[in-house]
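The values are calculated or read from the model by the stated rules, or taken from the named source; none is laboratory data. All values reported here derive from a predicted model rather than from experimental measurement. No Cβ is skipped: glycine too gets one built from the backbone with ideal geometry, and neighbour counts run over all protein chains shown.
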């Protein structure tokens, strides 16, 4: 198994809030990217961990216990590049876990992602609706797990999403669009559960905007949830 942490996005919505890229926002004094690597190694010692980053971020995204590599960026792939820019590093003949570099993962979430085996080679780990824990009102994907020939299907889904985006049949390309392409989920209903999914609803959260992080941190402090760190 290879765990790939996707950290090659432009992070334009984050705007260098707190003076750092969102992949390095500190939680409990530890950058979230470093935390993800640490939790992966604690959960599965010896796991092959790869951080995929933009050329200008290679040095500052070096994390002990992981290999940091340059993303194969191609603007012509639009937002599908978030996933496809890492494909040269996928474990094509084995198993690949794709994790988000700007997400805070709990220990339980990492354990679930690493221990839940996809019966037919594909799983999405996500919150498929509002959170009962953090108060977030939206669904959120957190990780994909691919095995064997599903790598080709995932790649093909990305290519098809790009074609649809170019012809304006789609207005965005993200994790939900990949999930829908592989499962038949209704794209008019973000977060629709269409099988091949594992629910994660705890303090795991993705930080796209500064307000996402601020609200998450506020709720954690108010709730005294420091044990999840």
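Overview of results
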| read-out | value |
| --- | --- |
| Residue count, the stretch 19-36 (criterion: modelled with pLDDT under 95, surrounded by 13 or more Cβ atoms within 10 Å (Cβ to Cβ) and out of contact with any helix residue (DSSP H, G or I) (no Cβ under 8 Å at 6 or more places or on another chain)) | 1 |
| Subset tally (residues that are in contact with a helix residue (DSSP H, G or I) (Cβ under 8 Å, 6 or more places away or on another chain), at pLDDT 80 or above and over 18 Å from residue 101 (Cα atoms)) for the stretch 212-229 | 1 |
| Residue in the stretch 196-211 that is closer than 29 Å to residue 57 by Cα, part of a helix (DSSP H, G or I) and modelled with pLDDT under 95 present | yes |
| Checklist (1) surrounded by fewer than 18 Cβ atoms within 10 Å (Cβ to Cβ); (2) touching a residue at least 60 places away in the same chain (Cβ under 8 Å) applied to residue 101, failing item | (1) |
| When residues of the stretch 57-75 are limited to those that are over 30 Å from residue 42 (Cβ atoms) and free of Cβ contacts under 8 Å to residues at least 40 places away in the same chain, the one surrounded by the fewest Cβ atoms within 10 Å (Cβ to Cβ) | 75 |
| Counted residues, the stretch 35-73 - those being under 15 Å from residue 107 (Cβ atoms), touching a strand residue (DSSP E or B) at 6+ places or on another chain (Cβ under 9 Å) and not in a loop (DSSP other than H, G, I, E, B) | 6 |
| Subset of the stretch 163-175 (residues that are assigned to a helix (DSSP H, G or I) and either in contact with a strand residue (DSSP E or B) (Cβ under 6 Å, 6 or more places away or on another chain) or surrounded by fewer than 15 Cβ atoms within 10 Å (Cβ to Cβ) (or both)) | 163, 166, 175 |
